[in-house]
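The block underneath contains the structure these notes are about, expressed in structure tokens.
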């Protein structure tokens, strides 16, 4: 903390920006890797039918791909929720751009 105080405000904001970027890149990597692992697991479910052999009520009949798919499903769901939000926001931006272009076009026709 003393080091951050010595660096000054501009350096600390750069440092925090750098830390946020690194954390964002790691998070993005893990979310994308978990999503891909979910789809690979879904593919492997067709080909692997040997149970793991763990004892327990829920896991004794599961195969490795089924267990992996169950573990990575929350990551898959998170990524798709984020995709839906991005799609919604992008469509709102496009509607706004379209409306402003149409308004500008109407103003141009009125002046002529």
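Figures for the structure shown
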item	result
Check on residue 73, in contact with a helix residue (DSSP H, G or I) (Cβ under 9 Å, 6 or more places away or on another chain), buried (at least 16 other Cβ atoms within 10 Å of the Cβ), outside any loop (DSSP other than H, G, I, E, B) and at pLDDT 95 or above	no
Filter pass, residue 82 being in contact with a helix residue (DSSP H, G or I) (Cβ under 6 Å, 6 or more places away or on another chain) and surrounded by 10 or more Cβ atoms within 10 Å (Cβ to Cβ)	no
Test: residue in region 53-68 that is in a helix (DSSP H, G or I) and either within 15 Å of residue 31 (Cα to Cα) or in contact with a strand residue (DSSP E or B) (Cβ under 9 Å, 6 or more places away or on another chain) (or both)	yes
Flag for residue 3 being in a helix (DSSP H, G or I), over 25 Å from the mean Cα position of the chain (by Cα) and at pLDDT below 95	yes
Residue in region 26-40 that is modelled with pLDDT under 95 and over 22 Å from the mean Cα position of the chain (by Cα) present	no
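The values are calculated or read from the model by the stated rules, or taken from the named source; none is laboratory data. What you are looking at is a predicted structure, and each value in this text was computed from that prediction instead of being measured. As a convention, Cβ positions derive from the backbone with ideal geometry for all residues, glycine included, and neighbour counts pool all protein chains shown.
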